[in-house]
Structure formats: C-alpha cells, structure tokens
Amino acid sequence: MVSTTNSFTEVTNLFYDRISSQITSVTLTNGSIVTVKTVSFAFPDKDIMDKTDFPIIVIDNSDASDETLVYGKTEITNRLIIECVATSTEALSILMSTIYDTIKTNTSTFFASGVTKISLIDKDSESDLMGGLKVRRGMLSFEVTWRRTK
C-alpha cells in the first residue's frame, strides 16, 4: 500500500522501476536493436549532441498537485506523463507500444501497491529539433488513481 507521505512520488517510482528494468532496448523491423540510453524523471542536464544519446524516456509527475492531498481522502487521481524521444519514427512507435504493454502487463504489481486504476487518456507524437538533431517526441498520458493509508 502506498503510504500517506509522498504518495504520488511513490506511485511514480513504481512506474520508473518497471519501465527502467523491463525496457532496455527495442528491436526494429529490420532486426536492428536500439538501446534505451536514459530513463529519468527529467530530461538529462547534458548537451545532446548526436543520435547515440537517444532514445530517452522521461517519467513526468509534475502535474501532481498538493490540492489533491486532502486530509481524510483515501483515493487520489493524478496524471502521469511518460515522454519518449527517439531519432526514428519506428523506434518511437515501438518504444511507446512497449511502455504501454509493460504498464498493462504489470497491472497486478501496481494494484498490489495501492494503485486502483490506470487509464491511458492521451497519446501524441510530433517531430522536433533537439540539440540540432531532428527527433520524434511521443507522449503517453495516464490517469492514475491510488489508495493511500491514513
């Protein structure tokens, strides 16, 4: 069960643990393997200079609000955003699908820790420039509800 203090941080850590331990690479249709370079709670504080710095997975819980932590309330819902950045459309697509599948596969682990609901509420991708490189950015937005102990 997720504890009363820092509960959304603890829930976010559950997602981080599953994703970082189970998604280390993806295999493209041509058989090449793309290794995930970074899984983090924020974008790396380093200059991204070339394609070898990708893909990156960022687990963002910044939408968590203290307003939801009302005393006596035992079920809380927040948004968790998982952002992926890759240098190819195929790598991004496979990575996002793998993240979604990993979360669905580990539902029982999340539920055993106090999470009561995980719903994909938005999925989006776009082209962008990062560090002078053309990259593909994708975002999975989940609504996560969890119980907290009193």
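The values are calculated or read from the model by the stated rules, or taken from the named source; none is laboratory data. This structure is a prediction, so every number in the text was calculated from the model and none was measured. A quick note on method: Cβ atoms are made from the backbone with ideal geometry, for glycine too, and the neighbour counts reach across all protein chains shown.
Selection of first residues in region 17-44 that are under 15 Å from residue 86 (Cα atoms) and of second residues that are of a type in the set (Lys, Arg), restricted to Cβ pairs under 9 Å at least 6 apart or on distinct chains, gives the following pairs, ordered by first then second residue: 44/37.
You will find that of 137, 79, the residue that is surrounded by 12 or more Cβ atoms within 10 Å (Cβ to Cβ) and either in contact with a Leu (Cβ under 9 Å, 6 or more places away or on another chain) or assigned to a helix (DSSP H, G or I) (or both) is 137 and no other.
The number of residues in region 99-108 that are over 15 Å from residue 137 (Cα atoms) and either in contact with a helix residue (DSSP H, G or I) (Cβ under 7 Å, 6 or more places away or on another chain) or surrounded by 15 or more Cβ atoms within 10 Å (Cβ to Cβ) (or both) comes to 4.
Of 149, 87, all but one fail to be of a type outside the set (Gly, Ala, Ser) and either surrounded by fewer than 16 Cβ atoms within 10 Å (Cβ to Cβ) or modelled with pLDDT of 95 or more (or both); the exception is 149. With respect to residue 14, determine if the residue is surrounded by 15 or more Cβ atoms within 10 Å (Cβ to Cβ), out of contact with any strand residue (DSSP E or B) (no Cβ under 6 Å at 6 or more places or on another chain) and modelled with pLDDT of 80 or more. In short, yes.
Restricting attention to region 102-134, the residues that are more than 19 Å from residue 92 (Cβ to Cβ), small (Gly, Ala, Ser) and assigned to a strand (DSSP E or B) add up to 1.
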